[in-house]
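Structure first, then comments.
The values are calculated or read from the model by the stated rules, or taken from the named source; none is laboratory data. Because the structure is predicted, anything quoted here is derived from the model rather than measured. Ideal geometry is used to build each Cβ from the backbone, glycine not excepted, and the neighbour counts take in all protein chains shown.
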Amino acid sequence: MTSPSPTAHVREQASPGWRDPLMPTEVDGWVRATAWASLVANALLIVTGGAVRLTGSGLGCPTWPRCTDASWTNTPEMGVHGYIEFGNRTLTFLLVVISVLTFLAVWRLRDRHPSFLRYAVAIAAGIIVQAVVGGITVRTGLNPWVVGIHFVISAVLIAVATVLVVRTRRASLPHVAEAERPGQLVGGQARVARAVAAVVAVTGALTIYLGTLVTGTGPHSGDAGVVARHTFDPYVITRVHVVPVYVIVATTVLALGLAFARRWPGALRRVLVALALLLAAQAAIGYYQFFNGVPELAVGLHMAGAAALAAVVTATVEKLVALSAPAGAHEARGPRPTALADA
């Protein structure tokens with residue numbers, strides 16, 4: 001049995017083919033771009049879902065997986081509601097394409113950055129689950145409990161994509177790696193940072209989930225017909241919703257004061273400022289819609305803000321945990337000593 005000639009080996013290395021642009025062996029701009037695309041596309045799904053709800057188009061396609069019993073797409077007879085609902089459904093195909101590209105982008109990085117592959121798989125699996133839950137939403141006539149689950153899944157996907165964005169940037173951009181290196185907070189300050197991260201994570205998740213109950217109690221059911229709504233008292237459930245909001249706002253303000261007083265790293269100060277500004281904007285919109293009969297535009301902005309909140313809360317928690325980790329903590333591993341590493 002003869003071995004390949006050195007010349008053939010050199011030719012193989014010099015001709016990377018189609019794999020290298022789509023499946024790089026180092027974290028590069030393409031990897032970061034797919035991570036960002038996953039984040040933006042899943043946030044866009046919340047925005048378009050809000051448009052479906054607020055225009056009463058939730059049953060614009062009255063069945064699933066087809067749009068009607070006889071057609072996979074909407075028909076002119078279905079009017080604008082059919083176009084809006086079918087347009088929201090087609091976004092799933094874009095999400096699938098992006099998730100496949102994200103998976104390919106991190107596949108050959110799986111040894112040095114194994115978590116990247118786990119995040120990509122989680123995003124892909126979540127999109128499949130999201131499509132099925134969307135179908136159940138239609139089949140159950142926009143049941144508010146199912147609609148709430150539909151929203152929460154999107155928020156979780158945004159959170160996972162955000163972690164992928166943050167960590168691919170840290171793994172490939174030297175100035176980010178330096179600014180966000182572990183061990184910058186030690187001792188008591190590290191413990192405080194992790195406590196802040198825990199409170200922000202729990203209250204952020206509660207804020208988003210309880211927001212779905214408030215929405216499910218409100219007037220925007222997603223269809224002009226008779227649709228089941230939560231039977232909570234709107235005033236009471238709104239008050240319950242704002243309890244974790246007060247806690248996360250107070251925690252963020254205290255953390256900001258500590259971050260500037262104790263000269264925490266700039267990366268932490270910036271993300272805490274972003275979180276504080278977003279919370280202020282969400283609070284303003286929330287109070288406006290509560291005292292003005294929940295107008296559609298305000299509700300839509302609040303839903304978009306919830307998508308942004310899922311991302312910013314996740315980024316805040318991730319950075320607090322990462323920068324308070326022991327010095328030298330890093331996921332990256334050396335490449336395997338075998339040609340299978342690039343298989």
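Looking for something surrounded by fewer than 18 Cβ atoms within 10 Å (Cβ to Cβ), part of a helix (DSSP H, G or I) and touching a Pro at 6+ places or on another chain (Cβ under 7 Å) - is there at least one such residue anywhere in the range 160-174?
No.
Among (1) assigned to a helix (DSSP H, G or I); (2) more than 26 Å from the chain's Cα centre (by Cα), there is one condition Leu185 misses while meeting the rest; what is its number?
So Leu185 meets the others, but not (1).
So which of Leu279, Leu320, Leu268, Leu272 ends up being under 19 Å from Leu185 (Cβ atoms), touching a Ser or Thr at 6+ places or on another chain (Cβ under 7 Å) and modelled with pLDDT of 95 or more? Full working, then the answer.
Values: Leu279 fails: under 19 Å from Leu185 (Cβ atoms); Leu320 fails: touching a Ser or Thr at 6+ places or on another chain (Cβ under 7 Å); Leu268 fails: touching a Ser or Thr at 6+ places or on another chain (Cβ under 7 Å).
Going through Leu279, Leu320, Leu268, Leu272 in turn, the sole match is Leu272.
Could you check the range 285-329 and list, in sequence order, the residues that are over 23 Å from the mean Cα position of the chain (by Cα) and free of Cβ contacts under 8 Å to residues at least 60 places away in the same chain? Please lay out each step first, then the result.
Filtering the range 285-329 down to residues over 23 Å from the mean Cα position of the chain (by Cα) leaves 287-296, 324-329.
Result: Tyr287, Tyr288, Gln289, Phe290, Phe291, Asn292, Gly293, Pro295.
Taking the range 200-229 as the search range and keeping residues that are at pLDDT below 90 and part of a helix (DSSP H, G or I), which one is surrounded by the most Cβ atoms within 10 Å (Cβ to Cβ)?
The initial filter retains those residues of the range 200-229 that are at pLDDT below 90, namely 215-229.
Filter once more, keeping what is part of a helix (DSSP H, G or I): 215-217.
Numbers: Thr215: 27, Gly216: 23, Thr217: 19.
Within the range 200-229, the match that is surrounded by the most Cβ atoms within 10 Å (Cβ to Cβ) is Thr215.
Identify the single condition in (1) in a helix (DSSP H, G or I); (2) without any contact (Cβ under 8 Å) to a residue 24 or more places away in the chain; (3) buried (at least 20 other Cβ atoms within 10 Å of the Cβ); (4) not hydrophobic (A, V, I, L, M, F, W, C) that Thr102 does not satisfy, given that it satisfies every other one.
(2)
So which pairs qualify, if the first residue must be in the range 229-258 and closer than 18 Å to Tyr209 by Cβ, the second must be outside any helix (DSSP H, G or I), the Cβ gap must be under 8 Å, and the two must be at least 6 apart or on different chains?
Note: pairs meeting the criteria are Arg229/Gly218; Arg229/Ser221; Pro234/Gly218; Ile237/His230.
List the pairs whose first member sits in the range 114-130 and is touching a residue at least 12 places away in the same chain (Cβ under 8 Å), whose second member is crowded, with 17+ Cβ neighbours inside 10 Å and not in a helix (DSSP H, G or I), and whose Cβ atoms are under 6 Å apart, counting only residues at least 6 apart or on separate chains?
Phe116/Leu109
Name every residue in the range 27-85 that is in contact (Cβ under 8 Å) with a residue 40 or more places away in the chain, outside any helix (DSSP H, G or I) and among the hydrophobic types (A, V, I, L, M, F, W, C), in order of residue number.
Val27, Leu59, Cys61, Trp64
Looking at (1) in contact (Cβ under 8 Å) with a residue 40 or more places away in the chain; (2) in a helix (DSSP H, G or I), which one does Ile153 not meet, given that it meets all the others?
Just one mismatch for Ile153, condition (1).
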